[in-house]
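*Asks:* Have a look at the structure that comes next, please.
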Amino acid sequence: MTDNGGFKLDGLPVSTYGVTLMYAPGQPMLPGTRDRTADVLNRAGQYWVDSELGTRSFSLPCQFYDCDSAADLDAKIRTFARLFVDETGRPKQLKLEFDDSPGWYCTVRYNGAIPFDRAWVGAIDFSLELLADDPYAYGTDEEYDYATITTSGGSMEITSDGNVSTPAILCVENIGVSEITDGFTLRVQYEVD
């Protein structure tokens, strides 16, 4: 068992709710695809038009622990259940972050049902079913103070270590005007592989 219970929901360790991940769930490398194909007359098979990634599902084998009584267990269940729905009772989106992948998260929502196996009062096993409508994992936003240019003219190279094509956001702050120039020019060259 890890200190965080195996994962966090919206940045809060599930151990806060008396829940732990019993073992690491097997997850596919990629979710299933949604394929668009067409049948062509007098042609075997189908004609492939396009594909996209489908939703990513998580089935997390969890357990409530340290429950002294049935009333204590019921209170933990109700408190944990409130995390997944809004004030109108509809599932809400949460950030799911596993302990073994810190800094990366998926946006998930409760999906399906949570059956309980009340074998004994001391612990209770359940499978938490979550669905990521957006199948990609995202890194936490990071800001860097890359460099300060103190001379007139010059260039600077900025590289990204990301692995998903995404627009870059560059913020430039002019902390004063040089006596020689009365402004500056920003030239950005951006490439996406």
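*Asks:* Mind telling me which of the residues 41, 9 ends up being buried (at least 18 other Cβ atoms within 10 Å of the Cβ) and at pLDDT 90 or above?
*Replies:* Numbers: 41 fails: buried (at least 18 other Cβ atoms within 10 Å of the Cβ).
From the options 41, 9, the qualifying one is 9.
*Asks:* Out of 68, 99, 125, 50, report the one residue that is touching a Leu at 6+ places or on another chain (Cβ under 9 Å) and acidic (Asp, Glu).
*Replies:* On the way: 68 fails: touching a Leu at 6+ places or on another chain (Cβ under 9 Å); 125 fails: touching a Leu at 6+ places or on another chain (Cβ under 9 Å); 50 fails: touching a Leu at 6+ places or on another chain (Cβ under 9 Å).
Result: 99 is the single residue among 68, 99, 125, 50 that is touching a Leu at 6+ places or on another chain (Cβ under 9 Å) and acidic (Asp, Glu).
*Asks:* Would you confirm whether any residue within the range 81-94 is closer than 20 Å to residue 131 by Cβ, in a strand (DSSP E or B) and in contact with a Phe, Trp or Tyr (Cβ under 6 Å, 6 or more places away or on another chain)? Before the answer, list the steps.
*Replies:* Of all residues in the range 81-94, those closer than 20 Å to residue 131 by Cβ come to 81-86, 88-94.
Cutting the leftovers down to in a strand (DSSP E or B) gives us 85, 91, 94.
Keeping just the survivors that are in contact with a Phe, Trp or Tyr (Cβ under 6 Å, 6 or more places away or on another chain) gives 91.
Yes; the residues of the range 81-94 include at least one that is closer than 20 Å to residue 131 by Cβ, in a strand (DSSP E or B) and in contact with a Phe, Trp or Tyr (Cβ under 6 Å, 6 or more places away or on another chain).
*Asks:* Right, another one. Do the conditions hold for residue 47, that is, is it over 18 Å from the mean Cα position of the chain (by Cα) and surrounded by 15 or more Cβ atoms within 10 Å (Cβ to Cβ)?
*Replies:* On the way: over 18 Å from the mean Cα position of the chain (by Cα): yes; surrounded by 15 or more Cβ atoms within 10 Å (Cβ to Cβ): no.
Taking the combined requirement at face value, the residue does not satisfy it.
*Asks:* Hey, another quick one. Just one of 124, 114 is assigned to a loop (DSSP other than H, G, I, E, B), within 20 Å of residue 18 (Cβ to Cβ) and not hydroxyl-bearing (Ser, Thr, Tyr); which is it? Lay out the reasoning, then the answer.
*Replies:* Working: 124 fails: assigned to a loop (DSSP other than H, G, I, E, B).
Every option except 114 fails the conditions.
*Asks:* Let me ask you something else. Mind telling me which of the residues 148, 79, 88 ends up being out of contact with any Asp or Glu (no Cβ under 6 Å at 6 or more places or on another chain), at pLDDT below 80 and β-branched (Val, Ile, Thr)? Before the answer, list the steps.
*Replies:* Working: 79 fails: at pLDDT below 80; 88 fails: at pLDDT below 80.
From the options 148, 79, 88, the qualifying one is 148.
*Asks:* Would it be correct to say that residue 100 is over 16 Å from the mean Cα position of the chain (by Cα) and either in contact (Cβ under 8 Å) with a residue 40 or more places away in the chain or assigned to a helix (DSSP H, G or I) (or both)?
*Replies:* Values: over 16 Å from the mean Cα position of the chain (by Cα): no; either in contact (Cβ under 8 Å) with a residue 40 or more places away in the chain or assigned to a helix (DSSP H, G or I) (or both): yes.
Spelling it out, it is not the case that residue 100 is over 16 Å from the mean Cα position of the chain (by Cα) and either in contact (Cβ under 8 Å) with a residue 40 or more places away in the chain or assigned to a helix (DSSP H, G or I) (or both).
The values are calculated or read from the model by the stated rules, or taken from the named source; none is laboratory data. The shown structure was predicted, so the numbers you read here are calculated from the model rather than taken from an experiment. When we count neighbours, we look across all protein chains shown, and the Cβ atoms used for this are built from the backbone with ideal geometry, even at glycine.
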